[in-house]
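To start, the structure itself, in structure tokens.
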Amino acid sequence: MFHYLWKENQLPVDVEPTDPKLRDPNERAGMIRVFRGGLAKPVGYVLPLQRAWWQAQSLQPRRGWLTGRWPVRSDKVYLLPGDSPIGLRLPLDSLPYTGAASAPLYTTPQDPTSVKGNLPLPRGSWKVAPPVEQSKPTSGGHAQAVVGKSGGSEAGPSVHSFGAQRINPQVLQPGPELDESDDPDEAELDPSYIVRTALSVEARHGRLYVFMPPTQRLEDYLELVEVIEEACEATGLPVIMEGYMPPPDHRISLFKVTPDPGVIEVNTQPTGSWEELVALTESLYDEARHCRLGTEKFDLDGLHTGTGGGNHIVLGGSSPQDSPFLRRPDLLASFVTFWNNHPSLSYLFSSKFIGPTSQAPRFDEGRPDAVYEMQLALAQVPARDVQVPNWIVDRLFRNLLVDLTGNTHRSEICIDKLYSPDSSSGRLGLVEFRGFEMPPHARMSLTQQLLIRALVASFWDQPYNQPLVNWGTSLHDRFLLPHFAWQDLCDVLDELGRRGTTLKSEWFQPHFEFRFPIIGEVVRGDVQLNLRAAIEPWYVLGEEPGGGGMVRYVDSSLERMQVMVEGYVEGRHAILCNGVRVPMRATGVPHQFVAGIRYRAWQPPSCLQPMIPVHAPLRFDVVDRLTGRSLGGCTYYVSHPGGLSYSNFPINASEAEARRASRFRTDGLTGGAIEVPVAPPSKQNDPFPITLDLRSVILAQP
């Protein structure tokens, strides 16, 4: 109230509080809503509520709750200023501070690995009766409020159902300094007995909202939900439930829908069979389409890409104790080793933002000694038939499966929900594979999940015990190019075939075409020139002022493409890009060669090497060295060929395809005699022998 009175006093004298001329429309609407509703009018109702502590710590069915008035300085409870739900604006700091330390004891969720029985049945015919007066306690304390109890017999319902639960008065025990002759009403009370959680009811925007409090056990949460349902049935008023989620518990299945920047995140419920997984995935895509939502988009230049949202695959058991990664730590070790040996699994299904500063970096993309440290950890993994404590697997890999900043969540193979020591929500026995982007079709998503399921079955029967590979700079030099990524994926499928699981390579062809779209191809003489988009890491730059604070930009100005030629005769032909000879590498197929080209596509104000200009457009020539003439070539434009700027995104796939086609031209060639530059000699320690970086060529020119 005082906040809004202060804001009213700050308004100009010629402005009415019900129509303030504020610049921010949200703040203006909030002030109008508050003043029209009245500052003295209650906006909601709060019921302090907590499971009775002596029953919250018991394994038997619990039948009691605690409630009572909050001991605040005023007779009324004033919410914190804001537009958030009432449960997020409760003045909990106004409660006695000295008792806050014991509050988490009764609100922290139960350890998910503890033994749990079956959930109680719904109480059926048990209905909530109107509150009646409850006798005050006769113990040494005194009650702060007289509350009601539920109807039914005094003994309550059967132990096999929720039953009519009793709501007990909150009893604040006198402090130790209270003498028998002192007045109990004026004595200082022990704040450790104060109920600090509350169920809140608020009418907002024409709807009735119920804010759920945190509970320690799932049974408590479900009981509150059942009581709310009965109240809705009795009053005929629908409500929207918000607030705290149920505590983690394997006995219920739930899905979550969360708004994220640019996407809507959907966390689906776990499935126990392939049939359930297929039905869930296909229905998810179908429902999203009916809501006018999609998993694909088109960039301004017509490039067909994903939305940027992840298609993260989470593996675990029906309960934390049944998790295969806790029962068999060698299963996680097999996945870590296999992902290290096959980088295509990291890049073929990923989003555009990859690299050591991405959302899902490989463990060997950051520290130079990461492979060595991981090899030490793998050597300590117990054998498959050895019983070990659950915390072993977490201790071995927690500090290795992280990003450059030590974040355990931002890792390609994330184990922060496997058996984390910091919270109960981190001990769920789950391993999350975060290197997958949401594909545009449900069948593509199912193919990814089928690959993971096949690997789990294979490693469960026979662990993968190959040594780790320290790829160094060849990790990005080779496997960011389509040819080497596809070749490595075929090796993955061959490995599964040798282990008894057959997956066809053509099932993954849509992923390859989507991740590495073809730019264009041209035939000049006997040489076929093919250009495909490749992957380029986006690196986070240093801090600089911007937007009213310090910001860190991402350098997306560099792009990479693959040049593949067939019918190429080494010594007779040469490929030039903007007059620079491209060092072609043999693929093992006769007269087939491949190379990568890294170039600057556009010039942002903040980027790596900002003094190097843009290289686009890229002009390619197929040169016959015998005649010294160009056989022809092609030109690739990274933007509109006429130098224009697209003002709108493509409205459909046809317009996007037209934009892509207009940026690849096959007419024209470099006339006259061409002097082919001498190919630079191969360096033994060349960090990028396959990829030509045009930035280094410009710096090498006199």
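The values are calculated or read from the model by the stated rules, or taken from the named source; none is laboratory data. Computed from a predicted structure; not experimentally measured. Heads up, the Cβs are rebuilt from the backbone with ideal geometry, glycines too, and the neighbour counts pull from every protein chain shown. Note: accessible area is taken over every heavy atom of the protein model, side chains too, but ligands, DNA and RNA are not part of it. Shrake-Rupley method; radii C 1.70, N 1.55, O 1.52, S 1.80 Å.
Some notes on this structure:
- Within the range 526-551, if we keep just the residues that are at pLDDT 90 or above and part of a strand (DSSP E or B), the residue that is surrounded by the most Cβ atoms within 10 Å (Cβ to Cβ) turns out to be L529.
- Residue in the range 571-593 that is of a type in the set (V, I, T), within 22 Å of F349 (Cα to Cα) and part of a strand (DSSP E or B) present: no
- Residues satisfying the stated conditions in the range 220-243, i.e. open to solvent by 30 Å² or more (accessible area, probe 1.4 Å), in contact (Cβ under 8 Å) with a residue 60 or more places away in the chain and outside any strand (DSSP E or B): L222, V227, A231, A234
- Residues of the range 388-415 that are under 28 Å from S351 (Cα atoms) and open to solvent by 30 Å² or more (accessible area, probe 1.4 Å): R398, N399, L400, L404, T405, G406, N407, T408, H409, R410.
- The range 375-387 - residue that is in contact with a helix residue (DSSP H, G or I) (Cβ under 7 Å, 6 or more places away or on another chain) and within 30 Å of P537 (Cα to Cα) and, of those, surrounded by the fewest Cβ atoms within 10 Å (Cβ to Cβ): A377
- Which listed residue is part of a loop (DSSP other than H, G, I, E, B), in contact with an Asp or Glu (Cβ under 7 Å, 6 or more places away or on another chain) and at negative phi, from L626, L644, L631, L608: L608
- In the set V622, V678, only one residue is over 17 Å from D301 (Cα atoms) and out of contact with any Phe, Trp or Tyr (no Cβ under 9 Å at 6 or more places or on another chain); that residue is V678.
- A574 open to solvent by 20 Å² or more (accessible area, probe 1.4 Å), modelled with pLDDT of 90 or more, over 38 Å from the mean Cα position of the chain (by Cα) and small (G, A, S): no
- Cross-chain or 6+ apart pairs with Cβ under 8 Å, the range 74-92 first and farther than 21 Å from L208 by Cβ, then of a type in the set (D, E, K, R) and modelled with pLDDT under 90: L80/R89; P81/R89; L92/R196
- Residue check for R598: surrounded by 14 or more Cβ atoms within 10 Å (Cβ to Cβ) and either farther than 29 Å from F479 by Cα or without any contact (Cβ under 8 Å) to a residue 12 or more places away in the chain (or both): no
- Filter pass, V554 being within 33 Å of the chain's Cα centre (by Cα), aliphatic (A, V, I, L, M) and surrounded by fewer than 18 Cβ atoms within 10 Å (Cβ to Cβ): yes
- On inspection, Y568 fails the criterion of being hydroxyl-bearing (S, T, Y) and surrounded by fewer than 18 Cβ atoms within 10 Å (Cβ to Cβ).
- Matching residues, the range 651-702, being assigned to a helix (DSSP H, G or I) and either among the small types (G, A, S) or at pLDDT below 80 (or both): A653, S654, A656, A658, A661, S662, S696, I698, L699, A700
- Single condition E373 does not satisfy, out of (1) in contact (Cβ under 8 Å) with a residue 40 or more places away in the chain; (2) out of contact with any Ser or Thr (no Cβ under 9 Å at 6 or more places or on another chain): (1)
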